[in-house]
Each structure stands twice: as structure tokens, then as C-alpha cells.
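Below: one structure, written as C-alpha cells.
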């Protein structure tokens, strides 16, 4: 059975990532991209669905771990009765290969280590043909199945019941290097890595990147770690940013809320870009804008809310039976049918991110502004239609207030682009649309009896996404209407001090009720508190939320308060970017 979600740490080469358990087992990796088929799938099953364990043979060994300073290099220190070792796990940067390095270093005494390697390509549908390459020193093992192949180099392994096992001894001062490299099966195995060079280069790459962070406020360590995780979830070449490294980690055990997050949501990617821009990473807007141009190319009417890492459109959702699910939580989904939904708010987030880029000095190209004008033309024709909203409800579309407010923000950005930056466009027409949207929200999305904005037209339910109304400039944080909305959210959605997205009991999403507090919503509330004069409340909630992170600073999508465990896909980009915004708000930094 897989470990609790919070017991995993991410290593990444900014193409894909692997989840390493605190037991020394890599239980999830998809190579060569985040959205490739899994090779190690024990996270969604058992060790027989694929893993790579490197740990002391002593079952009583204990471990502690941390990232090496401001990097994505994971160091696990093991203590046994006979000695201590460190295992350094990383995916090398900038080598344009798909490699994993596991360096074992003797610290003191003598430690007997064991390996357990179970290769299961294609979401555990293919047990590979494996051969030993006796021409290589050290030992090399090559595994092939269909289009996939890997070469594993290092200590000797021997076959046992569709697994490969082995033991080796490490003395104080000794180093044993283990490497795994994926390659297309029709090609020859790549040459062995220069492990020392790869580690040093990766250390310098991550440290240099982190040193560019501009943050003079509180919670600097947590902000930098969150930015590192956001960078790790970004594809180094295409510019796409996945929402999380995993699929089908359950939001609620025993339910159906198991989704595939290994894709690029326009919303999450736009919000990530805005956060990176706010912290000095100005070059990212151009890279991401180029990705956007490629992904959306064509008729704006065909725009999707999400794409593959290179802009792929075909993300049809299916349920697979080859992986039984995280601790038995079924179904396991591959793909995501939300890609076919109309979510009006995503264009607002795109426009806000590009507006932020203009403010930071990023010049528009002829094509990028043409794209934005096309998106605005599309919104003019469709903003009055109901949509599926930020939470991707799978029941009938509604007139969501959050979506309307983000559409308002899109027109506001477009008007500003013309009036303040001299770009060409029908500013007066866009102003009329912007004013019509506000009138619509105030007439149909406001509950005068409770003094709150509502989730969608025709309901008295509230929704945590309403906290974004102030974030996008629709209303001031301390406006009485915003404060009334906050009061309603606190009354209806606070559970054990954390905020739910909405009341699933209302049936708005067409799914069985029940889920845990959504961490991004609580970080939104921290931001709201900080910028409306409730700083003490903001700090109190922020400290509580940061205390929910695991030992290496990672947070998933939700938190099970009763079970004191993470829930949902991990690490979650939206959680970490809202963490950064919350820290900035408490520190009085510009958002």
C-alpha cells in the first residue's frame, strides 16, 4: 500500500517529476513528461505496480530528509544501528534527457543497503523484457516494453518474480551511484551520466534560479520553496505549467472526485505567471505567452480551458483498471473531460496575467495583441451564457458570479491596454460591455437579505471563489459588500478553521456530497484578511496553513482535518501560488 500523500517529496528536471517516499521508494514517475504514461505507479496501487526502493536493509532504520538549500535536490539521511548514510535524489537539469540519480553516501559506520526495482510501463500494463548489459561497468540493466525503455546503472541487481533486487554495503566516506535513464525503445541506450557533474550543475542551476527571487517580506523560506515547486511544474522547453504532478489522488476517500491534473489549465498557468512576475521572473511571461499563442492558435471559438504540456487538445478522459487507485480509491482517471467545458473565467485570468506583463515592461508582439483581441471578441459574443465555473462542475452550467467578475476583469484589462499602453482596440465598446457585466452581477449576483454576493444567479449559496472579486479589482478588499461576503463565507464554509470551496450538499456539481477544505481557498482568505485590516487573523490562519505542509514544504490540494492528512493531487500549483500571494499580502507587498 502506498504511503500517506504527505510522506512524498517531488524531484524534477522541469520536464517531469518523481515522487519519492520517506521510505526511500520512488512510487510515481511518468517519463519523459508529466503527462506521459507512468513507469512507477505504486502511488496508485502497490509495489507491484512499479517502484524503485533504495533504503537500508535494516527494517528498524529511521530517516529524516530535506531539500538541499534552495534546490529540488532531495537528501534523505538514514540512521541504523551500524551507521548512517545519505541518499541524494535528483533529476539532472539541462541535459535534455530523462534521468534519475540516486547517490548513496556513507556518513559513518557501515550500512547495508537494498534495492527493489519493479518496472511497469504504460500505467502498469506492461512488464518489460529485461536483459543485463555485461559490456558495461558498473552493472547495467536494460528494460524494454513497447515504445519505452530504460537503462539502470549501478549496483548489481538480480531477477526475482518480475522484480529486480540487490544489496550493497556502504562504508563511511564511500559513494555508490545509481542511475536510471529513459529512452525511446527504438534507439540505443544513452551513455552513462557523469554523476558528479550532473549533481553540481543541477545544484548551481536551481540555486541560481532561486537567487532571482525578489521577496522582502515575511515567510521568505516558504515563498522560495513554493516558487521552486511552481518552477518544477513548468516545462523547460514548451512553457506549459501543469496543475499538479499526479492523477487521481482522491479529494474524498471512497468518492468519485479523483481527477487527472497533469495538464495545463489556462487559469492556473496564468495565475502562476502573475506570481512569478511579482517576484522578479520577468522572462516567464514571454515564454508562456508563446506557449499560449501555439495552444490557442486558430478560431477563438475553439479555445479550451486546458491543454497538454505542448498545447495538445485531445485530453479525452477515461478510466483505467490497470491501477487500482491510491489506497484503493477508485476510479483512476487519465485525461480530463473538463477540457471540453466552457469556463468563462479563464480568459479573464489570461488577460490579467498579460496585463501584469505589460506593467512589468514586457512588450506586446503583433501576434500576442491580436490573440487578446480575438479572445475579447469571443467574450463579447458569449459572456452572457452560463458556464461550468472555476470548480468545473459536471452538472448543468450556471451563471457563476466568479466567472462574471473575471469576464469583467478581462474587459477592464482590454480597456487599459488601449488607454494606457496605446494598443489598438474598440475601447468604448469594451467599456460598455464591462459596465453591462457589472450591472448584471449587481442585479442578479447580490443577496440583499444576507448582504453577500452569491455563488451563481438564483441561489443563496456562497462560494470561496468570491474572494477573487477583490483580487481582480472588481471591488475593494474593504468594501462593505466584500466584508459582507466574507462574513457569509465564514458562516457557511469554515470547517475547523479552514475554508471549503462551497457546500457540496447543494448538489450544484452533480457529484455525491463531501470533500475536505480546499487549501487555496484558505490562502485566499488570508489575503482578504490581510488587506482588509484583519492582519492578526491573517497571520493566525497563515501560520496554521503553513503548519500543514509536509517535512519538505509541499502542500497538496486539500487537507483532511479529521485524519490530519493531505488529500488530492500533489504538489498543487494553485495551493502554492496562493500561499505566495498570501505571504505578500501580509508583508504589504504588491500583488
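Where a number appears in this text, it was derived from the coordinates with a stated rule and is not lab data. Here the structure is a predicted model, which means the values were calculated and not measured. All Cβ positions, even for glycine, are placed from backbone atoms using ideal geometry, and neighbour counts span all protein chains on display.
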Point to revise | Gain upon complete extension [residue 316, residue 175; 0.36 nm per residue less C-alpha separation] | key: 46.2 nm
Exercise for review: Please give the length that would be gained between residue 186 and residue 591 if that part of the chain were fully extended, namely 0.36 nm times their separation in residues minus their C-alpha to C-alpha distance (nm, one decimal).
Suggested key: 140.9 nm
Check your understanding: Over all distinct Cα pairs, what is the inverse of the mean 1/r for the range 247-366, reported as the Kirkwood hydrodynamic radius in Å?
Key -> 15.8 Å
Review point. If you take the C-alpha gyration tensor of the range 1-125, multiply each eigenvalue by 5 and take the square root, what semi-axes do you get, largest first, in whole Å?
Key: 24, 17, 12
Point to revise | Taking N as its residue count, the alpha carbon Rg of the range 13-72 over 2.2 N^0.38 Å | key: 1.24
Exercise for review: Evaluate the distance, in nm, between pseudo-label points positioned 7 Å from the Cα of residue 57 and of residue 495 along their respective Cα→Cβ axes.
Suggested key: 4.8 nm
Practice item. Starting from one equal scatterer on each C-alpha and no solvent at all, send me the Debye-based log10 I(q)/I(0) for the chain at q = 0.07, 0.08, 0.12 Å⁻¹, two decimals. Key: -0.42, -0.55, -1.19
Check your understanding: Helix 480-493 sits at what angle to the longest principal axis of the chain, using alpha carbons and giving 0 to 90 degrees rounded to 10?
Key -> 50 degrees
Check your understanding: In degrees from 0 to 90, rounded to the nearest 10, what is the angle of the helix 573-586 Cα long axis to the longest principal axis of the chain?
Key -> 60 degrees
Review point. So what's the gap between the Cα centers of the range 386-426 and the range 70-112, to the nearest angstrom?
Key: 47 Å
Point to revise | Geometric extent, Cα atoms of the range 74-154 - Rg, Dmax (angstrom) | key: 15.5, 44
Check your understanding: With each pseudo-label sitting 7 Å past Cα toward Cβ, what's the residue 419-residue 108 distance in nm, one decimal?
Key -> 6.8 nm
Check your understanding: By how many degrees, 0 to 90 and rounded to 10, does the Cα axis of helix 519-530 deviate from the longest principal axis of the chain?
Key -> 50 degrees
Exercise for review: Tell me the label-point distance for the pair residue 165, residue 505, using the 7 Å Cα-to-Cβ offset, in nm and rounded to one decimal.
Suggested key: 5.1 nm
Review point. Rg (Å, one decimal) plus Dmax (Å, integer) for the alpha carbons of the range 471-591?
Key: 14.3, 40
**Study point:** Computed FRET value (nearest 0.05) for residue 444 with residue 394, which takes r as the C-beta separation and R₀ as 22 Å
**Key:** 0.40
Check your understanding: So between residue 428 and residue 82, what do we pick up on full extension, going 0.36 nm a residue minus the alpha carbon distance?
Key -> 116.9 nm
Study note, to complete from the structure: Helix-only [θ] at 222 nm, the chain, -39500 (n - 2.57) per DSSP H run of 4+, per residue, nearest 500, equals -10000 deg cm²/dmol
Check your understanding: Over the range 5-207, what per residue volume does the convex hull of the Cα atoms give, in whole Å³?
Key -> 115 Å³
Practice item. Express the relative contact order of the range 5-207 as a whole percentage, based on alpha carbon pairs under 8 Å and six or more residues apart in sequence. Key: 19 percent
